[in-house]
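**Q** Here it is, the structure in full.
The values are calculated or read from the model by the stated rules, or taken from the named source; none is laboratory data. Quantities reported herein were computed from a predicted structural model and do not represent experimental measurements. Neighbour counts run over all protein chains shown; Cβ positions are idealised from the backbone, glycine included. Please note that ligands, DNA and RNA were not included when accessible areas were found on the heavy atoms of the full protein model with its side chains. Shrake-Rupley method; radii C 1.70, N 1.55, O 1.52, S 1.80 Å.
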Amino acid sequence: MIQKQKGCNDIYGHEAKVWKYVESVIDATMEKYNYGYIRTPLFEASELFHRGIGESTDIVTKETYDFQDRGGRKITLRPEGTAGVVRSYIENKMYGDPNQPVKVYYNGTMYRYERPQSGRDRELTQFGMEVLGSDDPFSDAEVISLAVNIYKMLGLKEIKVNINSLGDKESRDNYRKALIDYFKPHISELCEDCNARIDKNPLRILDCKVDADSELMKNAPKTIDYLNEESKNRFETVKEYLDILGVSYEVNPNIVRGLDYYNHTVFEIEAKVEGFGSNNVLGGGGRYNGLVSQLDGPETPCIGFACGVGRLVKALELEQVKMPLVEDIDLFLMYVNEEEKKYAVYLSQELRMAGFIVDTEYTGRALKGQFKQADRLNAKFTAVLNSEDLNNNEVKIKNQKTGEEDVISLDVLIYYLDEKCKDDEFDYCEDDCDCEHEDHECCGDHSCGCGHCHE
């Protein structure tokens, strides 16, 4: 039997509904902030990621899926979304669009060759957002706020934002020199990767997983101490905007992010979820003002964020967040003979086009088996298409919840279902819900944040 590859997953059934719901909340929220959807190729020229992400990063040196195609071209499966978006921005001359900045988001598959573990797969789905063409600190704060709001709207409660600043080029150069001076006398105490990084990119040493708990790492120079006045003022302005937006944050000078293109603001967002493990970071991002020009485009200030959807779904599962998933259907059509079956084929099509969720029998089960199938599908209503009723242009329909039965004209079936399904439109909060709605009645506004209200 052929099995899926290591580090890949099949997503179906209830889990697939959770994924689709999460993606629908992301889509709706991004639309509110006026971000356009962008879809870039699954593979790109290897040079894009090597130049964009950085030759010395772990992603490029250890994790990319690189291959040569039949034309001899060096190709890489995308390991992250930003570089592809920037390539598209340059190639399609989006910088010439009068609507600036360009605000886009993506949601797609990425590939990284790493040891599969909880929350880390070789094939992963990542959503992210990019603002290209704005150097305003407000953009930094809004991107952070937007990410936090998505998590809150999905039902996560304890969200922690960690922010830091890497500063401008002058600040980074000063900090780079300080790191080299600090680590070089003790570099033999660190792992092989750190030894290779000391001259190429000493900031990557701070990302080391092997020596992360060593005293040498804990006492390393902090970026904050090497910011020039302009970078300090910019960072203070970002924090001021976060305060205005009501985003709680903590300055964490240990955050440097794992990619070479970052400068100024960098951040990570954690979720305090029991059972999530020590690595509770949901996503992160930062400013990358030099990447567009590095990839042969014009000087363009940018800020972005990315999050693994798999880790987000896992967090929601561990938090036992209740979501308004469609776990039922409106109507299950049943029949016995061929004439009734043909009408079921016709009627199911008509009702689906009218907006109802309808299913019918496909496997030749007897009527008793069809009733069981309707129960398995959580059908709100069932209808047995009896030939005698059909000849009278009627149908017997049963409310599966109340047991009530009605015989109605087929001409008014759509109106009947529309009226009856509306009666069940709103749900109610659980008795132990801590929301403030009177009698736990759903307000119909999922954005209220109680985690239960939905239409």
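**Q** Of the cross-linked pairs Lys342/Lys420; Lys32/Lys420; Lys160/Lys314; Lys32/Lys103, which ones have a Cα-Cα span greater than 24 Å in the structure shown?
**A** The pairs that break the limit, which is 24 Å between Cα atoms, are Lys342/Lys420; Lys32/Lys420.
**Q** With every protein chain in place, what's the accessible area of Leu377 (1.4 Å probe, Å², nearest 10)?
**A** Accessible area, nearest 10 Å²: 50 Å².
**Q** With equal scatterers on the alpha carbons only and no solvent term, can you work out the Debye log10 of I(q)/I(0) for the chain at 0.08, 0.12, 0.14 1/Å?
**A** -0.61, -1.08, -1.32
**Q** Using only Cα atoms and rounding to the nearest 10 degrees, what angle (0 to 90) does helix 338-353 make with the longest principal axis of the chain?
**A** For helix 338-353, the angle is close to 40 degrees.
**Q** So how far, in whole Å, is the C-alpha centre of segment 228-295 from the one of segment 101-126?
**A** 19
**Q** How high is the FRET efficiency from Lys62 to Val345, r the C-beta distance, R0 60 Å, rounded to 0.05?
**A** The formula returns an efficiency of 0.65 here.
**Q** How much accessible area per residue does segment 275-380 have, counting only protein heavy atoms and a probe of 1.4 Å, in square angstrom?
**A** For segment 275-380, the solvent-accessible area averages 47 Å² per residue.
**Q** Going highest first, how would you order 27-36, 2-11, 290-299 by mean Cβ packing within 10 Å?
**A** 290-299, 27-36, 2-11
**Q** Determine which lysines satisfy two conditions relative to Lys372: a Cα distance under 20 Å, and not lying fewer than 8 residues away in the same chain.
**A** Here the lysines satisfying the reach criterion relative to Lys372 are Lys341, Lys380, Lys396, Lys398, Lys401.
**Q** On to the next question. Quick check: net charge around Ser134, other residues with Cβ under 11 Å of its Cβ, Lys/Arg +1 and Asp/Glu -1?
**A** Combined, the nearby Lys, Arg, Asp and Glu give -3.
**Q** Let me ask something else about it. Show Lys62, Lys157 ordered by accessible area, largest first, where the area counts protein heavy atoms only and the probe is 1.4 Å.
**A** Lys157, Lys62
**Q** When the helices in the chain are scored as -39500 (n - 2.57) per DSSP H run of 4 or longer and the sum is shared across all residues, what 222 nm value do you end up with, to the nearest 500 deg cm²/dmol?
**A** Theoretical 222 nm ellipticity from helices: -10500 deg cm²/dmol.
**Q** Turning to a different aspect of this structure: Would you mind classifying segment 1-108 by shape? Square roots of the alpha carbon gyration tensor eigenvalues, ordered a ≥ b ≥ c; an a/c under 1.5 is rounded, otherwise it is prolate if a/b is larger than b/c and oblate if not.
**A** Oblate, since a/c reaches 1.5 and b/c is not below a/b.
**Q** Turning to a different aspect of this structure: Going by the alpha-carbon gyration tensor, a ≥ b ≥ c the square roots of its eigenvalues, is segment 268-386 rounded (a/c under 1.5) or, if a/c is not under 1.5, prolate (a/b greater than b/c) versus oblate?
**A** prolate
**Q** Right, something else. What shape does segment 240-300 have by the C-alpha gyration tensor, where a ≥ b ≥ c are the square roots of the eigenvalues, rounded means a/c under 1.5, and otherwise prolate means a/b greater than b/c and oblate the rest?
**A** oblate
**Q** Measure nothing but the geometry: give the 0 to 90° angle between the long axis through the Cα atoms of 169-183 and the longest principal axis through the Cα atoms of the chain, rounded to 10°.
**A** 70
**Q** At 0.36 nm per residue, minus the direct Cα-Cα distance, what do Glu236 and Gln294 gain on full extension? Give it in nm, one decimal, please.
**A** The span from Glu236 to Gln294 would gain 18.1 nm if fully extended.
**Q** First compute the accessible area of the chain with a 1.4 Å probe, then give the percent of it belonging to carbon and sulfur atoms.
**A** 46
**Q** Suppose each label sits 7 Å from its Cα in the direction of the beta carbon; what would the His14-Glu189 distance come out to in nanometres?
**A** Placing both labels 7 Å beyond Cα along the Cβ direction yields 5.1 nm.
**Q** If contacts are Cα pairs under 8 angstrom and at least 6 residues apart, what is the relative contact order of the chain in percent?
**A** Relative contact order comes out at 15 percent.
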